[in-house]
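What follows is a short report on a single structure.
The values are calculated or read from the model by the stated rules, or taken from the named source; none is laboratory data. Note that the structure is predicted; figures quoted are calculated from it, not measured. No Cβ is skipped: glycine too gets one built from the backbone with ideal geometry, and neighbour counts run over all protein chains shown.
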């Protein structure tokens, strides 16, 4: 609540008013009752105000400078002196119209009109009653309108709640006047002398330090008690702001005194610390020197520490740099310089730990055992940088814990996903405020040894920004030829990382910087077969979820058949993260029944699986046997493993155009074009009438159009689909294929073979057609993965057609 706010119609200052003039006549209850009995005129001139809201009973001066406003005031002052006052919605509008004003305003009486030296007209008006604009009649020479009295709901005179609100308003008004130096203390007497409760509310609302929107809202509230409560809320906010402002000013005033006192306080600090049993400044330095003597430092490191310690001794403890230097020396003392944990070289024990924690992953386990074997024989081998690459949920990150346990080393993990600042790796220079070492050095400090197993999680998700390139900063960390002297900006010394065993994880090798990828040994961690997933669920996931939900193996039993049903019907991933979520749902179902003391079957059946998890949702992964020509099953690689996709083609009468749909990328569209041109140039080879190409349009579609698809592995699938379409011979049952083609009809090899093989097994595919050069990829796959599959290796498209397409035409074949 500030000093009286002067309404200003034309955004000009009020001048020339006698300061001793009584602008605020205090209404008595009798005056208010008489005012309420007055009837409103049916038609009234409307005066828009730019930046103020007039409340009933309140007297304010306003300055008029617009021609319309001056004409209105002259006519009204010569007449019955009654006008309607409303507020503009936007004070910047010079000539407001009907849409620019609020519909609720206050009928006012002109008390005095003054001509100011600057040519403006100043009018002192007093609010009478609230009104609502019914209809605007004219806008020239000024606005006139028909009005109706606004609804006014007043509480009973003996309403205790209303009287309590009024008392609170008065009490808060006294506090605001006391705390605000801009309000004269005489305002307290004005508040005390107000006898009318409604006038008190209007007077306080008018003088609150609020915006136009809030004041207009208060004016429009029809219930006087609600208006009083809203006014009380705004007063509370203003009082809190005043208290906060005064508190801040008090603190600022005391800053100078505080600085003068600090010197004396610091002089006494030494004595106080000694009395409390703490360490003095000199004792802290001596303690650091004692700790340094126990460290196994090289001569270079020790000399650097002594130099920095001497620098701290010369510093004034009161300056900000002192705390930075102290933190720097503390880091030196806490880092595990030349401190290594003893490796355990029991390879059979290591193999048992890896087999216990992870089912499958034979290639990864073999590589780790090889590393341990070489380390055991040489005992000084620089640690290689392993990168476990594969889809999510296959156990890449958790594998690090098992490796650390097998080696007997400490386990450290940092997540690199979304890291954008190079200083997160290399640290900040000490000159910066809040400087700290990089996450590599920080993690070694927490590990307590210089040879932990260090997991660099999500290394493919490092980001670039204006703050540097973290992936480039990782080059020194992950290069065995350089990391023996890893330089951290905060440490300002080389630190030996060559004994650390770094294991990076990634989902997408393409996102890793080539120079960084070249420094790592890539180990492909592919997905699991259905049988492996069932074993993992049985041995690891189910016991883990039972423990996490407070149950035991006696509370829930899920058989192999039911686990297989969950795997096939409710997950479509290469890993087991989604499978674990489904098992958790089954466990929660049992936990709920136990907690609610309801009966349930401990041994889960297929019906229970569908009851808890709902109908199977992944049936679309199954092979679809179609008796329609032009439909072929392809194999695809995705970021979450392998998948199958169907390529469909159809003919329609036209002029030989080729349409390709299915949200395909540039490479797949080119494959379709190559396939079409190859068929046109070899129509005789496939017994196709060349006239067909000119009389029919071809449309190729890959279902699930919302999913983007691209890659060089669908060439032979598209060509087979088109040959099947033009010859009207369907593709053989349970056959899938993958490979790229050339314009000469040669079949090229593709990648992601293992993931595609697993997808084919999940989809119940029996035969797979591959390029001959992919034979080496098949030979690297475990024999168990290949059980039940027949592979055909081809080098030319004619071989693919002979293997994939039947000799007989489909029933009701089109006549081409």
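Can you name the residue in segment 577-600 that is touching a helix residue (DSSP H, G or I) at 6+ places or on another chain (Cβ under 9 Å) and over 16 Å from residue 546 (Cβ atoms) and is also surrounded by the most Cβ atoms within 10 Å (Cβ to Cβ) among such residues?
Filtering segment 577-600 for residues that are touching a helix residue (DSSP H, G or I) at 6+ places or on another chain (Cβ under 9 Å) and over 16 Å from residue 546 (Cβ atoms), the one surrounded by the most Cβ atoms within 10 Å (Cβ to Cβ) comes out as 578.
Could you check, for segment 496-507, whether at least one of its residues is under 29 Å from the mean Cα position of the chain (by Cα), surrounded by 19 or more Cβ atoms within 10 Å (Cβ to Cβ) and at pLDDT below 85?
no
Using the structure shown, decide if residue 117 is out of contact with any strand residue (DSSP E or B) (no Cβ under 9 Å at 6 or more places or on another chain), over 21 Å from residue 44 (Cβ atoms), surrounded by fewer than 19 Cβ atoms within 10 Å (Cβ to Cβ) and touching a residue at least 12 places away in the same chain (Cβ under 8 Å).
Criteria met by residue 117.
Could you please give the count of residues in segment 72-90 that are on the phi < 0 side of the Ramachandran plot and outside any strand (DSSP E or B)?
11
Looking only at segment 408-419, filter to residues that are touching a helix residue (DSSP H, G or I) at 6+ places or on another chain (Cβ under 7 Å) and farther than 21 Å from residue 331 by Cα; which one of those is surrounded by the fewest Cβ atoms within 10 Å (Cβ to Cβ)?
So the residue we want is 418.
Can you go through 342, 382, 365 and tell me which one is under 41 Å from the mean Cα position of the chain (by Cα) and within 17 Å of residue 452 (Cβ to Cβ)? I'd like the intermediate steps shown before the answer.
Numbers: 342 fails: under 41 Å from the mean Cα position of the chain (by Cα); 365 fails: within 17 Å of residue 452 (Cβ to Cβ).
After applying the criteria, what remains is 382.
Between 157, 99, 153, which is within 22 Å of residue 57 (Cβ to Cβ) and free of Cβ contacts under 8 Å to residues at least 24 places away in the same chain?
157
Please verify whether residue 181 is within 49 Å of the chain's Cα centre (by Cα) and part of a loop (DSSP other than H, G, I, E, B), treating the condition exactly as stated.
Spelling it out, residue 181 is indeed within 49 Å of the chain's Cα centre (by Cα) and part of a loop (DSSP other than H, G, I, E, B).
Which one of 171, 135, 220 is closer than 30 Å to residue 66 by Cβ and without any contact (Cβ under 8 Å) to a residue 40 or more places away in the chain? Walk me through it before giving the result.
On the way: 171 fails: closer than 30 Å to residue 66 by Cβ; 220 fails: without any contact (Cβ under 8 Å) to a residue 40 or more places away in the chain.
From the options 171, 135, 220, the qualifying one is 135.
Tell me, yes or no, whether segment 445-464 has at least one residue that is free of Cβ contacts under 8 Å to residues at least 40 places away in the same chain and assigned to a helix (DSSP H, G or I).
Checked segment 445-464: at least one residue is free of Cβ contacts under 8 Å to residues at least 40 places away in the same chain and assigned to a helix (DSSP H, G or I).
Sort through 127, 119 and tell me the only one that's assigned to a strand (DSSP E or B) and in the same structural domain as residue 40 (by TED's automatic domain parsing). Steps first, please.
Working: 119 fails: assigned to a strand (DSSP E or B).
Of 127, 119, the one residue that is assigned to a strand (DSSP E or B) and in the same structural domain as residue 40 (by TED's automatic domain parsing) is 127.
Does any residue of segment 483-494 turn out to be in contact (Cβ under 8 Å) with a residue 60 or more places away in the chain and under 27 Å from residue 759 (Cβ atoms)?
Among the residues of segment 483-494, not one is in contact (Cβ under 8 Å) with a residue 60 or more places away in the chain and under 27 Å from residue 759 (Cβ atoms), which makes the answer no.
Just for segment 375-398: of the residues that are closer than 22 Å to residue 480 by Cα and out of contact with any strand residue (DSSP E or B) (no Cβ under 6 Å at 6 or more places or on another chain), which one is surrounded by the most Cβ atoms within 10 Å (Cβ to Cβ)?
375
For residues in segment 739-774 being without any contact (Cβ under 8 Å) to a residue 60 or more places away in the chain and within 26 Å of residue 359 (Cα to Cα), which is surrounded by the fewest Cβ atoms within 10 Å (Cβ to Cβ)?
Step by step, filter segment 739-774, then rank; the result is 766.
Going through 450, 463 one at a time, which residue ends up being farther than 30 Å from residue 784 by Cβ and buried (at least 16 other Cβ atoms within 10 Å of the Cβ)?
Within the list 450, 463, the selection yields 450.
Do we find that residue 96 is over 24 Å from residue 31 (Cα atoms) and within 49 Å of the chain's Cα centre (by Cα) in this structure?
Criteria met by residue 96.
Counting just the residues of segment 301-319 that are touching a residue at least 40 places away in the same chain (Cβ under 8 Å) and assigned to a helix (DSSP H, G or I), which one comes out nearest to residue 337 (Cα to Cα)?
By that ranking, first place goes to 301.
Going through segment 740-764 one residue at a time, which ones are farther than 30 Å from residue 683 by Cβ and in a loop (DSSP other than H, G, I, E, B)? Give the steps one after another, and end with the answer.
Here is the first cut: in segment 740-764, the ones farther than 30 Å from residue 683 by Cβ are 751-764.
Passing the criteria: 751, 752, 763, 764.
For residue 574, all conditions in the list (1) under 34 Å from the mean Cα position of the chain (by Cα); (2) surrounded by fewer than 18 Cβ atoms within 10 Å (Cβ to Cβ) hold save one; what is the number of the exception?
(2) is the only condition that residue 574 fails.
Kindly indicate whether residue 366 is surrounded by fewer than 19 Cβ atoms within 10 Å (Cβ to Cβ), closer than 30 Å to residue 526 by Cα, outside the structural domain of residue 327 (by TED's automatic domain parsing) and touching a strand residue (DSSP E or B) at 6+ places or on another chain (Cβ under 6 Å).
no
Can residue 311 be described as out of contact with any strand residue (DSSP E or B) (no Cβ under 6 Å at 6 or more places or on another chain) and in the same structural domain as residue 494 (by TED's automatic domain parsing)?
Taking the combined requirement at face value, the residue does not satisfy it.
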